[in-house]
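The values are calculated or read from the model by the stated rules, or taken from the named source; none is laboratory data. These figures come from a predicted structure and were not determined experimentally. Neighbour counts run over all protein chains shown; Cβ positions are idealised from the backbone, glycine included. All accessible areas refer to the heavy atoms of the entire protein, side chains included, with ligands and DNA or RNA removed. Shrake-Rupley method; radii C 1.70, N 1.55, O 1.52, S 1.80 Å.
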Amino acid sequence: MHIYDPRFSQLASRSPVSNAAVPEYRLLQKRTGTARVVVVQPRNHATDNQVTVDAIAQLGSNARGVAVLHPTVTDAELKELAAGGIRGIRFSLGDPATAVVTIDMVEPLSKRIAALGWHVQLHMPGAMIAAHADLLRRLPCQIVIDHMGRLPLPEGLAHPAYQIIRELIDGGRTWVKLAGAYLNTQLGPPAYADATRIAQAFVKAAPQRLVWGTDWPHPTEKNKPDDALLFDLLATWAPDTAVRNRILVTNPEVLYGFAKGA
């Protein structure tokens with residue numbers, strides 16, 4: 001999920017978000033019953049990760065974060081971010097006009113963060129995954145494919161990006177985030193049938209390599225989806241209780257370093 005806190009500056013080129021700080025997110029936690037959280041730096045706050053580190057501090061030991069960085073970041077800054085709960089860096093690359101990072105930053109930064117045990121989280125359309133498959137194969141750190149790979153529709157699972165993601169998963173260092181049903185659908189709610197087919201395929205193929213996220217407060221959507229409905233969808237995507245527990249509990253302990261049983 002993302003935190004937008006008006007105490008921290010947002011890019012003037014973007015519409016400010018003011019109702020998605022930690023107090024508002026805690027209301028969602030009460031609704032869904034979730035305790036752990038991964039705060040992902042939003043584009044509105046660019047590479048000023050203070051908003052994310054501050055949110056982690058407010059949320060406590062059950063919070064981790066994913067930063068957005070440029071290659072100019074110093075080693076000292078990386079260590080400081082690690083101490084503040086950061087466990088990965090995100091590249092949102094779908095639209096160059098709105099991106100605050102570029103594809104050429106991925107490899108040099110992946111080499112910088114590998115020693116910290118961090119991962120690279122990639123939010124990019126399936127066509128870009130296919131076009132940059134060789135780059136993804138040679139990254140030295142763990143990879144998280146955001147939003148189920150944003151496979152182009154109606155091809156979905158027939159798109160080459162799906163097989164590339166499966167290959168990366170089979171290599172033992174790639175994860176897929178089950179999130180953003182509304183970003184992977186032409187059919188829409190409540191069933192999100194096309195997104196559900198994609199999610200179920202990943203669950204069947206590699207439940208040990210999946211994590212789940214809300215994508216709250218759904219910054220791309222003018223008409224916000226129902227968060228409870230999105231959470232309930234996971235029971236359709238992963239109907240086996242043990243598999244859901246793995247996706248929601250065990251896998252995040254491995255990827256983000258949450259304390260077991262906490």
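Taking segment 23-43 as the range and being farther than 16 Å from Ala228 by Cβ, of a type outside the set (D, E, K, R) and crowded, with 18+ Cβ neighbours inside 10 Å as the test, the residues that pass are Val37, Val38, Val39, Val40, Gln41, Pro42. So which residues in segment 79-92 are surrounded by 20 or more Cβ atoms within 10 Å (Cβ to Cβ) and not hydroxyl-bearing (Ser, Thr, Tyr), if there are any at all? Residues satisfying the conditions are Leu81, Gly85, Ile86, Arg87, Gly88, Ile89, Arg90, Phe91.
Against the test of being modelled with pLDDT of 95 or more and in contact with an Asp or Glu (Cβ under 6 Å, 6 or more places away or on another chain), the options Leu187, Leu183 yield a single qualifying residue, Leu187. Condition check for Leu78 on (1) under 16 Å from the mean Cα position of the chain (by Cα); (2) assigned to a helix (DSSP H, G or I): one failure, at (1).
Residue pairs whose Cβ atoms lie under 6 Å apart, separated by 6 or more positions or on different chains, with the first residue in segment 156-173 and of a type in the set (Phe, Trp, Tyr) and the second open to solvent by less than 70 Å² (accessible area, probe 1.4 Å), are Tyr162/Leu151.
Could you say which residue among Val53, Val144, Val101 is open to solvent by less than 60 Å² (accessible area, probe 1.4 Å) and touching a residue at least 60 places away in the same chain (Cβ under 8 Å)? None of the other options fit; the residue is Val144. Could you please let me know if Arg137 is within 25 Å of Gly84 (Cβ to Cβ), open to solvent by 10 Å² or more (accessible area, probe 1.4 Å) and assigned to a helix (DSSP H, G or I)? No; evaluated as a whole, the condition is false for this residue. Has segment 173-185 got any residue that is in contact with a helix residue (DSSP H, G or I) (Cβ under 9 Å, 6 or more places away or on another chain), open to solvent by 40 Å² or more (accessible area, probe 1.4 Å) and farther than 25 Å from Leu135 by Cα? No, that holds for no residue.
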